[in-house]
Every structure is written in C-alpha cells, then in structure tokens.
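A.B. asks: Quick one: structure below, then a few questions.
The values are calculated or read from the model by the stated rules, or taken from the named source; none is laboratory data. Please read all numbers here as calculations on a predicted model, not as lab measurements. We place every Cβ from the backbone using ideal geometry, glycine too, and count neighbours over all the protein chains shown. The area values use the complete protein model at the heavy-atom level, side chains included, leaving out ligands, DNA and RNA. Shrake-Rupley method; radii C 1.70, N 1.55, O 1.52, S 1.80 Å.
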Amino acid sequence: AHDIQRIDAFRYILLFHLGGIYIDMDDACRRPLRELVTTMEALDPQSTHLALFPSAEVFGIHNNFMISTAHH
C-alpha cells in the first residue's frame, strides 16, 4: 500500500512542477484531448493556471485522470 501512495505523491509532484496530462493505463479517450483542453481554456480565458480532474462521489477527487498547468 505504501508504494502506491509514493507513486501517487510523485504523480502530483510531477504535475505541479511540469504541468501536463496524466491518464491511468486502464483508461481510454474517445475524443481528442485537445478538444477538452480547448474547452477548459475557454471556460476561463484569462487564467494562467488551470486544472481538471474528476470528482469522487463521496469525497475528494479521482486521480486516474488529471490535467494541470505547471505550478498549479
């Protein structure tokens, strides 16, 4: 269990420092990611920091799919 927590923490650190898109290997895209990023940017065109991730039903967020700008 601790190894998975370390991997999760490393994923968050990488996204914070570099920004980018993370998708678990068992997930798939049905449409181009560029469409999603374009929509995300259009929702707040003045923002220099954006993040996108699915919410969890009970509490928190899912970490199987995340998009973030660097330092956000």
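A.B. asks: Within the range 14-26, take every residue that is over 17 Å from residue 64 (Cβ atoms) and open to solvent by 50 Å² or more (accessible area, probe 1.4 Å) and give me the one that is nearest to the chain's Cα centre (by Cα).
C.D. replies: 16
A.B. asks: Just give me the residues in the range 27-42 being aliphatic (A, V, I, L, M) and either part of a loop (DSSP other than H, G, I, E, B) or surrounded by 10 or more Cβ atoms within 10 Å (Cβ to Cβ) (or both), in sequence order.
C.D. replies: 28, 33, 36, 37, 40
A.B. asks: Any residue in the range 42-69 that's within 16 Å of residue 27 (Cβ to Cβ): show its pairings with residues that are acidic (Asp, Glu) and not in a loop (DSSP other than H, G, I, E, B) at Cβ separation under 8 Å, as long as the two are six or more apart or on different chains.
C.D. replies: The qualifying pairs are 63/8.
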